[in-house]
Amino acid sequence: MTDSGTEKSHTASQALIGALLHLTARDAELRPGTSSATALSPADQGILAEVEVALRSQMQDERHVKTALAEVAGSLASVRSSAKALSLTAAKYEKQRTAVLAELGVDSVKGASVWPPTSQTAVQRFGSWNEALKVAGLATSSVGRARGQLRFDAAAYEKAIAEFVADCETRGVGATYKIYAEYAAEHKGEVPSAAAVRKFYGSWNAALASAG
């Protein structure tokens, strides 16, 4: 099984969408929907079926598989019935992913494909984080949209750096200028470019210092 940000994932696209919806529900602390899996739309039933395939490939305990599937089904129902537009940043996705993997008793090892997959897998599959959100039927991020000539305001820079640092901590990589440049390329249009960040703060170290 392989699942790394640098390798192609074999996780089905529907299972990826299921992960996005499930982790969004958890992040928003939505109460599990009362609908059973059979009450879900045909499209969501298809998503749940692919999530089941992914879970069975990494879990041997049938009871645990059924428990996890019931939770995912509840997440799908609660997201679909939510009255407000829901979204999720890549950093929050990774935070929730770590928690879910711990609950499932699955180790996220570099080079091993597991469900939920990494946020990078979603970006690689759909082209960008916002596109992944769109495909899942979630609201896209509008971080940094400022009035006037500046595309990103001060708050947007602070948010982008804070989320980048959190993402690096989750992935166990250094928060370097080079890594941010790659991160900004993956989230093009959603966060300031590496050059813009360095110009705004005066230096990369100053940018990192702003994140505390």
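The values are calculated or read from the model by the stated rules, or taken from the named source; none is laboratory data. Fair warning: this is a prediction, and the values are worked out from it, not measured in the lab. Backbone-built Cβ (ideal geometry, glycine too); neighbour counts: all protein chains shown.
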Neighbours by Cβ (under 8 Å, 6+ apart or cross-chain): first from segment 41-68, touching a residue at least 24 places away in the same chain (Cβ under 8 Å); second of a type in the set (D, E, K, R): SER41/ARG80; ASP44/ARG80
Residues of segment 160-203 satisfying the condition of being of a type in the set (D, E, K, R) and under 16 Å from GLU94 (Cα atoms): GLU163, ASP167, GLU169, ARG171, GLU186
Pick from segment 64-103, criterion farther than 16 Å from GLU29 by Cα and under 10 Å from the mean Cα position of the chain (by Cα), ranking: surrounded by the fewest Cβ atoms within 10 Å (Cβ to Cβ): ALA91
Selection within segment 164-212 - farther than 30 Å from ASP107 by Cα, without any contact (Cβ under 8 Å) to a residue 24 or more places away in the chain and assigned to a helix (DSSP H, G or I): ALA194, ALA195, ARG198, LYS199, ASN205, ALA206, ALA209
Any hit, segment 137-152, residues being among the hydroxyl-bearing types (Ser, Thr, Tyr), touching a Leu at 6+ places or on another chain (Cβ under 8 Å) and modelled with pLDDT of 85 or more: no
Within segment 148-163, tally of residues that are out of contact with any helix residue (DSSP H, G or I) (no Cβ under 9 Å at 6 or more places or on another chain) and in a helix (DSSP H, G or I): 3
